[in-house]
Every structure is written in structure tokens, then in C-alpha cells.
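**Q** Take this structure first; my questions come after.
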Amino acid sequence: MKQRYTKFNPKRRLKACDAPELARLAQLAQRVNYGGNPEHKKNPGDFGLTPPADPRPGKSLCDSIGVFTRAEALDLLKHGLTKGLVSDRSVGDWPKNIWSVTAQGWPLEAQLENAENGVYHGYPMPDSDPFASEVAERWADGGAHA
């Protein structure tokens, strides 16, 4: 599948997390929510999206890497938080981005969509995104680096 991605946000940076920050992120993981985005879904599954599914050309699809349930998406989001794969930028308590990697090795990026409720939507990172390899390496190393 040909992607339209030609530019990626150069401001994305993984935060260096020490033990107290990892403890704070673990607490956030208990409160984080997954909202989803119909533009990244071909099949709505149990995401409860409105419209149910509305894939947009050029958008990476969660379906293409086998993420079909809200529970799985939320679990991946929580794992990214507890491993400290978060943006160095935040809105209130919430990192602007959280990254995770599926069991099959697909790097994912989640963006904050509601800072009041800690709600994110996520999507697979395209192979053409150079930051995807940085996320995968940090994940393989066990997460946070202080």
C-alpha cells in the first residue's frame, strides 16, 4: 500500500524517564483512555466510532497490523506509558504522544486528543517514518532511558 507520508513532525522526541517519572506514568496508565479515529479504521470492530469506519487515502490503518479491538489498543497504549515511551512535550499531566510496539513488531504512535480526560487515538507508524525505528529500538531496550 502506497502511503502519502512525505513529512513527519520533527518535534517528536522520546522523553528520558527516571524512576519517579516512570512511577508517575504508571499511575497515568490506570487513567488513560483510547478514543480511536475512524480515518485509521477499515472495519469499525468494537471501537464505537462515528462514522463507524471512514478510511482516508494515505492514512495508516490499524486493521493492516491486526489491531481490531478497543481493549487491545488500550493495552498497547498502557504498555507504552509504563515503559516510558512518551513525548517530551505534554499538555497538563498527559504526554502529547505515546509510542508502543505490537507483539509482531509494528511501531505505533498515539496522539492526545482530549487532555482533560487523557484520551488518545493511535495508528501504525509507516516504514518511511525514520522515528519508527527509534521507537522500536527503545522498546527492544526495555523502554525508558534516564
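The values are calculated or read from the model by the stated rules, or taken from the named source; none is laboratory data. Since the model is a prediction, treat every value here as computed from it, not as a measurement. For neighbour counting, all protein chains shown are included, and Cβ atoms are generated from backbone atoms with ideal geometry for every residue, glycine included. Areas reflect the complete protein model, heavy atoms only, side chains present, ligands, DNA and RNA absent. Shrake-Rupley method; radii C 1.70, N 1.55, O 1.52, S 1.80 Å.
**Q** Taking the stretch 82-118 only, how many residues are part of a strand (DSSP E or B) and of a type outside the set (S, T, N, Q)? Before the answer, list the steps.
**A** Quick first cut of the stretch 82-118, residues part of a strand (DSSP E or B) only: 86-87, 90-91, 94-95, 97-101, 107-114.
Filter again for of a type outside the set (S, T, N, Q), leaving 86, 91, 94-95, 98-99, 101, 107-110, 112-113.
Looking only at that region, the number is 13.
**Q** Kindly check whether there is at least one residue in the stretch 26-33 that is of a type in the set (Gly, Ala, Ser) and either touching a Pro at 6+ places or on another chain (Cβ under 8 Å) or modelled with pLDDT under 70 (or both). Outline the logic, then answer.
**A** Start the filter on the stretch 26-33 by keeping residues that are of a type in the set (Gly, Ala, Ser), which leaves 26, 29.
Filter once more, keeping what is either touching a Pro at 6+ places or on another chain (Cβ under 8 Å) or modelled with pLDDT under 70 (or both): none.
No, the stretch 26-33 has no match at all.
**Q** Ok, one more. Kindly list, by first and then second residue, each pair from a residue in the stretch 85-109 that is of a type in the set (Ser, Thr, Tyr) to a residue that is modelled with pLDDT under 95 and open to solvent by 80 Å² or more (accessible area, probe 1.4 Å), limited to pairs with Cβ atoms under 8 Å and residues at least 6 apart or on different chains.
**A** Correct list of pairs: Ser87/Arg13.
**Q** Within the stretch 89-98, can you find the residues that are more than 16 Å from Ala26 (Cβ to Cβ) and within 13 Å of the chain's Cα centre (by Cα)?
**A** Lys96, Asn97
**Q** Those residues that are over 22 Å from Glu21 (Cα atoms) and open to solvent by less than 80 Å² (accessible area, probe 1.4 Å), I need them from the stretch 125-146; list them, please.
**A** Taking the stretch 125-146 as the starting set, the residues that turn out to be over 22 Å from Glu21 (Cα atoms) are 125-133.
Across the stretch 125-146, the qualifying residues are Met125, Pro126, Ser128, Asp129, Phe131, Ala132, Ser133.
**Q** Restricting attention to the stretch 57-72, does a residue exist that is modelled with pLDDT under 95, over 15 Å from the mean Cα position of the chain (by Cα) and crowded, with 19+ Cβ neighbours inside 10 Å?
**A** Checking the stretch 57-72: not a single residue is modelled with pLDDT under 95, over 15 Å from the mean Cα position of the chain (by Cα) and crowded, with 19+ Cβ neighbours inside 10 Å.
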